[in-house]
Every structure is written in C-alpha cells, then in structure tokens.
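**Student:** Quick one: this structure, given as structure tokens, is what I'll be asking you about.
The values are calculated or read from the model by the stated rules, or taken from the named source; none is laboratory data. What you see is a predicted model, and the numbers here were worked out from it, not measured in a lab. Ideal geometry is used to build each Cβ from the backbone, glycine not excepted, and the neighbour counts take in all protein chains shown. Ligands, DNA and RNA are excluded from the accessible area calculation, which covers all protein heavy atoms including side chains. Shrake-Rupley method; radii C 1.70, N 1.55, O 1.52, S 1.80 Å.
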Amino acid sequence: MLRLDIVTLFPAMVEAPLEESIIGRARRRGLVDIRVVNLRDYAVGTHRITDDYQFGGGGGMVLKPEPLFAAVEAVRTPGARVILLDPRGAAFTQEVAGRLAGLPHLILIAGRYEGVDERVRERLADESLSIGDYVLTGGELPALVVADAVTRLVAGVLGGEGAAEHESFASGLLEPPQYTRPEEFRGARVPAVLLSGDHARIARWRRVQALWRTWRSRPDLLPRAGLSAEEWELVERFERGERPEEPDAPADQERNDGHGRDSVG
Ligand code: SAM
C-alpha cells in the first residue's frame with residue numbers, strides 16, 4: 001500500500017479534495033494511506049512561528065527549516081521519499097508519477113510565501129518537483145496534483161473506470177477522441193467507425209487520431225513516442241496539409257489552425 005503524507009501550513013486546503021471521488025474511495029478501501037500533516041504542530045514557542053524574513057533582504061517571508069525538518073522526521077519511515085514542491089524543480093510528468101507510484105511512502109512538502117529555506121531543499125528533500133512553468137501561491141495545489149496523479153496509478157484504484165495504460169502520455173501520445181451516447185447530439189454524429197464493431201479498424205482509427213492530436217497540440221512528444229516508419233510517414237502527410245478522415249476538432253479550431261482538408265488514415 002502506498003502511504004503519502006502532505007506537509008502543509010494549510011491542511012484544510014488539501015483535506016476536502018482528498019475525500020472525494022476516486023481518491024476518497026481508494027483511501028476508504030485502504031488502497032492508499034494519505035495523511036495531512038499540519039506544519040504548525042511542529043513549530044515551537046508561544047506563537048508557533050513557521051516563517052521568517054530572508055537574510056540579505058528582499059521582500060517576502062520564507063518557511064523556517066526547524067518545523068519542516070521536525071514534521072518530516074516525525075512521519076518519515078525507512079524507504080520514504082521526501083519531495084519538495086517547487087517551481088524550480090524537475091518537471092512532474094506521467095513518467096515521474098509512474099515512478100513514484102511504485103514507492104512505499106512519499107512525503108510531499110508544500111512551500112508557501114517566497115518558498116522554503118534552502119537547507120530544506122539541500123538536506124531534507126530527496127527531489128524537487130514543479131507542476132508547470134508558472135508560480136502559485138503555495139505548494140498545496142501542486143501536492144494535490146502529485147497525490148492525484150500518483151494515486152490513480154496504484155493497483156486497484158481505477159477499477160473498471162479506465163485503464164491507465166490507454167491514457168494520454170502512457171503510450172507516448174495524447175489520447176484519441178472518446179464518445180458516449182447519444183449517437184447524435186445537436187447534429188454532431190459519433191464517427192461511424194466507432195459503431196462498426198470492427199475492432200481492428202477502430203484500433204487503427206484511434207491510433208491515427210492520437211497521432212494527429214499529438215502532432216497538432218504537442219509535437220514535442222512525437223520523437224519519444226516510438227512511432228513506426230509508417231506512422232512517421234503519416235506525420236509527414238500531416239505536415240503537408242493532409243488530415244485524418246474523420247475530423248475531431250471543434251469547428252472554431254478547424255477554422256483557425258490553417259491545416260489543409262485532404263484526408264489520410
Ligand atoms: N519564490 C519562489 C520562486 O520564485 O521560485 C516561488 C515561491 S511560491 C510563491 C510558494 C510555494 O508554492 C513554493 O515554495 C512551492 O512549494 C509552491 N509552488 C508554486 N508554484 C509551483 C509550481 N509551479 N510547482 C510546484 N510548486 C509550486
């Protein structure tokens with residue numbers, strides 16, 4: 001079972017989302033043990049101070065090392081990995097989520113204000129992770145992002161609700177379009193191939209759509225997606241202005257993206 005502790009000055013910010021839906025159910029079923037650690041409980045003195053001014057000047061407060069070390073040391077088990085959420089950290093990706101899901105215990109440290117004392121990063125954290133190139137007010141939302149992405153990869157958590165191996169990034173490509181009933185909604189029909197019952201054709205359609213979507217939105221993913229020679233040829237055809245047989249883009253995107261109208265796939 002994966003254990004995950006979130007160390008934060010604002011426990012209420014993370015508690016409610018962890019009660020709901022798939023993550024809440026995984027906790028209740030004992031598939032993951034997620035605990036919220038109140039940093040304030042590990043601060044000493046009458047005022048239980050957790051932050052202080054920066055040495056050397058500069059605006060803003062920094063989280064002090066003593067309460068953070070005390071909180072982590074109180075919950076750390078052998079084999080635990082301590083992760084600092086930090087916009088300067090390495091990018092948190094699906095691959096990283098997969099690696100973390102295989103560990104027994106994660107301790108996520110949510111920073112606040114101008115961040116944490118550098119000694120926390122150097123001497124307490126095993127790694128630092130960023131959820132994207134933007135700055136949030138604190139590490140609570142990033143910690144929830146990591147907790148959510150990792151928990152859903154733990155065996156048994158998703159149940160029948162979708163196999164993680166078919167999702168975006170798992171194959172190296174973005175996921176193809178998905179539809180449910182009704183077959184026609186406001187004039188927009190579900191692509192006929194999905195109703196055909198021909199599994200080989202459906203699989204091929206999905207692969208082409210995944211390739212098309214990835215090429216259009218995230219071409220940076222293609223070199224590492226393990227494409228076949230035939231699939232690279234398809235990418236070249238997209239580059240020449242051809243497009244998949246059954247459009248998946250909303251009308252306004254179609255108008256703006258400037259790609260041609262010949263069809264492939
Ligand atoms: N002064 C820091 C800097 O410029 O890199 C930003 C500190 S931010 C306002 C406060 C805290 O929010 C950080 O210590 C971190 O825990 C969290 N945080 C903000 N943006 C983040 C991101 N993109 N990824 C991970 N954590 C983030």
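**Student:** Between GLU95 and MET1, what length in nm is gained on full extension when 0.36 nm per residue of separation is reduced by their alpha carbon distance?
**Tutor:** On the way: separation 94, 0.36 × 94 = 33.84 nm, distance 1.97 nm.
Extra length from GLU95 to MET1 when fully extended: 31.9 nm.
**Student:** Now a separate question. Taking the Cα centre of each part, how many Å lie between region 217-232 and region 107-185?
**Tutor:** Spelled out, the Cα-based centre of one part sits 23 Å from the other.
**Student:** Another question about this same structure. Which whole-number percent gives the relative contact order of region 1-130, counting Cα pairs below 8 Å spaced six or more residues apart?
**Tutor:** Numbers: 220 pairs, mean separation 41.0, N = 130.
Relative contact order, region 1-130: 32 percent.
**Student:** Work out from phi, with θ = phi - 60° and the Karplus expression 6.51 cos²θ - 1.76 cosθ + 1.60, the ³J(HN,Hα) of each residue of region 125-138, listed in order in whole Hz, and give x for Gly and Pro.
**Tutor:** 7, 7, 7, 10, 10, 10, 8, x, 8, 7, 10, 9, 6, x
**Student:** Right, another one. Accessible surface of TYR113 in the full protein assembly, 1.4 angstrom probe, to the nearest 10 Å²?
**Tutor:** The value for TYR113 is about 100 Å².
**Student:** Are there any helices in the chain, counted as whole DSSP H runs, that stretch 24 Å or more along their axis by Cα and score at least 0.0 on average by Kyte-Doolittle, and if so which?
**Tutor:** none
**Student:** ARG28 to ARG76: FRET efficiency via 1/(1 + (r/R0)^6), r the Cβ-Cβ distance, R0 30 Å, to the nearest 0.05? Show your work: numbers first, answer last.
**Tutor:** Values: r = 25 Å, r/R0 = 0.84.
Plugging the Cβ-Cβ distance into 1/(1 + (r/R0)^6) gives 0.75.
**Student:** Per DSSP H run of n ≥ 4, the term is -39500 (n - 2.57); total these for the chain, divide by its residue number, and report the mean residue ellipticity at 222 nm rounded to 500 deg cm²/dmol. Please list the in-between numbers first.
**Tutor:** Details: 9 runs with 91 residues, N = 265.
Value at 222 nm, helices only: -10000 deg cm²/dmol.
**Student:** Please list, by residue number, everything in region 205-245 whose backbone N is under 15 Å from a paramagnetic label point 7 Å out along Cα→Cβ of SER196.
**Tutor:** 205-209, 244-245
**Student:** As an exercise, use a Förster radius of 35 Å and the Cβ-Cβ distance of GLU236 and ASP133 to find the FRET efficiency, rounded to the nearest 0.05. Please report the intermediate quantities before stating the final value.
**Tutor:** Details: r = 30 Å, r/R0 = 0.86.
Efficiency, rounded to the nearest 0.05: 0.70.
**Student:** Taking only protein heavy atoms and a 1.4 Å probe, what accessible area per residue, in Å², does region 2-151 have with all protein chains in place? Please report the intermediate quantities before stating the final value.
**Tutor:** On the way: 7490 Å² over 150 residues.
Here the residues of region 2-151 average 50 Å² of exposed surface.
**Student:** Determine the distance separating the Cα centre of region 1-67 from the Cα centre of region 81-106; give it in Å without decimals.
**Tutor:** Region 1-67 and region 81-106 have Cα centres spaced 16 Å from each other.
**Student:** Between SER228 and GLU184, what's the calculated FRET efficiency when r is the beta-carbon distance and R0 is 45 Å? Round to 0.05.
**Tutor:** 0.85
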